[in-house]
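This report refers to the structure that appears directly beneath it.
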Amino acid sequence: MGTKDKLSYERLISRVEYYKEKALDLEKKLVFAEETIERLESETNKDNTLQQIEEKEIELQKLRTQVEELTKKLNRLEEHEMEKRIQGYEELLKSIQDEINDKDQQIDLYQQRIKSMEKRININRTSEPVFEDFPKEDDSKSEPKKKQGLNCMSYFDYSVIYTKENNGFVRGSFYLENIGTEALENPYICFRFQPAETCALKGKIVSLIASPSQDEMRQSIWMYMDNEWAEKAKERGEMWICPLRETKFKTGDKLSLDDFQIPFKSTIDKNITVEAFVYFNKQNYRAKAVNHIAINF
């Protein structure tokens, strides 16, 4: 082998070695690059995982907020429902109390009617009071018949109101005052009309025969004496009334028939008079009013 050929072979071997080293170096670089890529991918995946965790934590916080809001709404609904139930119970209790009050009022009314009926029975058993000691003519100087310890002063306070053609009505009140030293009980009042056909008295006076309402019973103090002798007395011009309930007034106490009305017509008579007498049946005491009503045409 010549020198030239020997050099060419050595150069070839040298070049082959060079390329081997180069390939090895490239292979190392490739492995490094792959490791770098794998690491970068791993880091990228790790970053994505952290991001996902953060997103899940945000979602979890939102869910917690929603749960808190729903809990608050549930509590408010429960409170509202409880308030409605309480209000319903209160309304139920109020209706029950109103019903009880209504029943109590009905019981009071029935008790009043029972007492009034008992009084009517007692009135029917009572003989008619007689006022023979009192003159039928006007006598302003007459004094009430006194009994020791018993003394009642009674009087009218009234006004005469004329309408057309001298018709009209009397409006007033009748007062009783205990000026004695003993208590007076259950007065019967007789209003004597002259002429008899003018006998008419209206006001807060009930008739048990007419079955008065609960309000009428509650608002009234007096009742008409609807018995046989009272009806006969009315024919001769006497109107009798008595307290609706048991009545007792002590020394200095007053009792009144307020806002009565007496209608009249001038065609009946030129002059109309109304006197009043008070009779205490249980105490056997009677008295005449100190004044009377006079209507002159």
Within the range 170-233, list the GluC sites (Glu not before Pro) lying in a DSSP loop whose Cβ has at most 16 other Cβ atoms in a 10 Å radius. Glu182
What's the whole-number percent of alpha carbon pairs in the range 233-278 lying beyond 12 angstrom? 78
Cross-link pairs beyond the 26 Å C-alpha cut-off, checked among Lys232/Lys288; Lys202/Lys250; Lys103/Lys250; Lys103/Lys234: Lys202/Lys250; Lys103/Lys250; Lys103/Lys234
If the range 192-297 were replaced by its equivalent ellipsoid, with semi-axes equal to the square roots of 5 times the Cα gyration tensor eigenvalues, what would those be, largest first, whole Å? 24, 18, 14
Quick check for you: with a 1.4 Å probe and neighbouring chains kept, what is the accessible area per residue of the range 167-297, in Å²? 45
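The values are calculated or read from the model by the stated rules, or taken from the named source; none is laboratory data. Quick caveat: nothing in here was measured; it's all calculated off a predicted structure. Note that each Cβ is placed from the backbone with ideal geometry, even for glycine, and that neighbours are counted across all protein chains shown. Only protein heavy atoms, including side chains, enter the accessible area calculation; ligands, DNA and RNA are left aside. Shrake-Rupley method; radii C 1.70, N 1.55, O 1.52, S 1.80 Å.
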